[in-house]
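Take this structure first; my questions come after.
The values are calculated or read from the model by the stated rules, or taken from the named source; none is laboratory data. Values in this document were obtained by computation on a predicted structure and should not be read as measured data. Glycine gets a Cβ as well: all are built from the backbone with ideal geometry, and neighbour counts include every protein chain shown. Just the protein is used for accessible areas: all its heavy atoms, side chains included, with ligands, DNA and RNA removed. Shrake-Rupley method; radii C 1.70, N 1.55, O 1.52, S 1.80 Å.
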Amino acid sequence: MKKITISIVIFSLLQALFCHSASADTSEQWRERLTELAENPKRGAAHLHRNQYRNPVDTLLFFGLEPQMSVLELWPVRGWYTEILAPFVKDQGQLTVAHFRLDGANANDERSAFWARLSSRLEQRIIQQETDFGPVARVALDPPNFIPALAPEQFDMILSFRNVHIWHQRGHLLATMQNLYDVLKPGGIMGLVEHRAARVTDLTSYAVEGYTDEAYLIAVAERVGFQLVASSEINANPKDTKDYTKGVYALPPTLALGQEDRDYYLNIGESDRMTLKFIKPVKSEFVD
């Protein structure tokens, strides 16, 4: 009896070791593929230069991206992350981009019109470079709503890079979070990267234009049902003092102040960013 028990234990340990080794090998393959895509010269010098600030490989691996996933990317604008995400999932998974409303190009709001033009250009790139991007699905996000409406629980992962401050500024953060929760599968992941406001005390923060308080953002996500799995300092930047006349837009890549103190802002680099990983809990089938 003892021999049988020992054999079972040994088998279980060997099986666990094999699975861990296989998982490690797979993760390394994914890292190699993501690195290849992130460093692809076809992305252009400007996009490649931003790898040092946006850390795409480590960020996507932190979120748990896998090539067979159904992924929703929110407001990709120029497609900086789309260039990596689309080819990574195109053979086994599916990427959907939720861009700005293309008819926003006729809007009275100058910023909305600008975003719409950029979204239209990305739309054309995806169509023209289908060999690289693969069959990317497209939908519009006019916070808090998707146009057309998306079916519930269809995505394995939702990714948003530096969008939350806009939803918050326009009063749509809570409702947008609710809609993101609804279209994510139970057990699915929402990954957020956002400009992080300066923390003054445990209860207050100092946020100039473009920055968002981390504790507040977590609280809003948790209010609609998300659970915070982990946070990371992958995209932190201690040089960012967050006290500029034009807020986050004074920093690269926008450099809203033009030539004024340009070298100073270039030396700081892109903003200090929170990197947050949330999960949509799987509801228990058991009832007390």
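In the stretch 88-125, how many residues are polar (S, T, N, Q) and either open to solvent by less than 60 Å² (accessible area, probe 1.4 Å) or in contact (Cβ under 8 Å) with a residue 40 or more places away in the chain (or both)?
5
Among (1) surrounded by 14 or more Cβ atoms within 10 Å (Cβ to Cβ); (2) free of Cβ contacts under 8 Å to residues at least 24 places away in the same chain, where does GLN259 come up short?
Against the list (1) surrounded by 14 or more Cβ atoms within 10 Å (Cβ to Cβ); (2) free of Cβ contacts under 8 Å to residues at least 24 places away in the same chain, GLN259 comes up short only on (1).
Out of curiosity, is THR245 within 28 Å of ARG111 (Cα to Cα), β-branched (Val, Ile, Thr) and open to solvent by 20 Å² or more (accessible area, probe 1.4 Å)?
yes
Given the residues SER160, SER119, SER112, which is the only one that is at pLDDT below 95, touching a strand residue (DSSP E or B) at 6+ places or on another chain (Cβ under 7 Å) and not aromatic (Phe, Trp, Tyr)?
Numbers: SER160 fails: at pLDDT below 95; SER112 fails: touching a strand residue (DSSP E or B) at 6+ places or on another chain (Cβ under 7 Å).
Answer to the check: SER119.
Being out of contact with any helix residue (DSSP H, G or I) (no Cβ under 6 Å at 6 or more places or on another chain), free of Cβ contacts under 8 Å to residues at least 24 places away in the same chain and either surrounded by 15 or more Cβ atoms within 10 Å (Cβ to Cβ) or closer than 20 Å to ASN55 by Cα (or both) is the filter here; which residues of the stretch 262-288 pass it?
LEU266
So how many residues does the stretch 131-141 have that are in a helix (DSSP H, G or I) and surrounded by fewer than 13 Cβ atoms within 10 Å (Cβ to Cβ)?
The number of residues fulfilling the criteria is 1.
Of the residues LEU217, LEU192, LEU174, which single one is within 20 Å of PRO143 (Cβ to Cβ), open to solvent by 30 Å² or more (accessible area, probe 1.4 Å) and either in contact with a helix residue (DSSP H, G or I) (Cβ under 9 Å, 6 or more places away or on another chain) or aromatic (Phe, Trp, Tyr) (or both)?
Values: LEU217 fails: open to solvent by 30 Å² or more (accessible area, probe 1.4 Å); LEU192 fails: open to solvent by 30 Å² or more (accessible area, probe 1.4 Å).
Just a single option satisfies the conditions, and that option is LEU174.
Scan (1) within 32 Å of the chain's Cα centre (by Cα); (2) among the polar types (S, T, N, Q); (3) modelled with pLDDT under 55 for the single condition ASN51 breaks and write down its number.
For ASN51, the failing item is (3).
Among the residues of the stretch 160-179, write down those that are hydrophobic (A, V, I, L, M, F, W, C), in contact (Cβ under 8 Å) with a residue 40 or more places away in the chain and more than 18 Å from TYR211 (Cα to Cα).
none
Could you identify the single residue in GLN154, GLN128 that is surrounded by fewer than 16 Cβ atoms within 10 Å (Cβ to Cβ), more than 17 Å from VAL224 (Cα to Cα), of a type outside the set (Val, Ile, Thr) and at pLDDT 95 or above?
Testing whether each residue is surrounded by fewer than 16 Cβ atoms within 10 Å (Cβ to Cβ), more than 17 Å from VAL224 (Cα to Cα), of a type outside the set (Val, Ile, Thr) and at pLDDT 95 or above leaves just GLN154.
Something else now. Do you know which residues across the stretch 142-151 are over 18 Å from the mean Cα position of the chain (by Cα) and either within 7 Å of VAL183 (Cα to Cα) or surrounded by 14 or more Cβ atoms within 10 Å (Cβ to Cβ) (or both)? If you could, list the steps in order and put the result at the bottom.
Pass one, the stretch 142-151, residues over 18 Å from the mean Cα position of the chain (by Cα): 145, 147-151.
Answer for the stretch 142-151, where residues must be over 18 Å from the mean Cα position of the chain (by Cα) and either within 7 Å of VAL183 (Cα to Cα) or surrounded by 14 or more Cβ atoms within 10 Å (Cβ to Cβ) (or both): ASN145, LEU150, ALA151.
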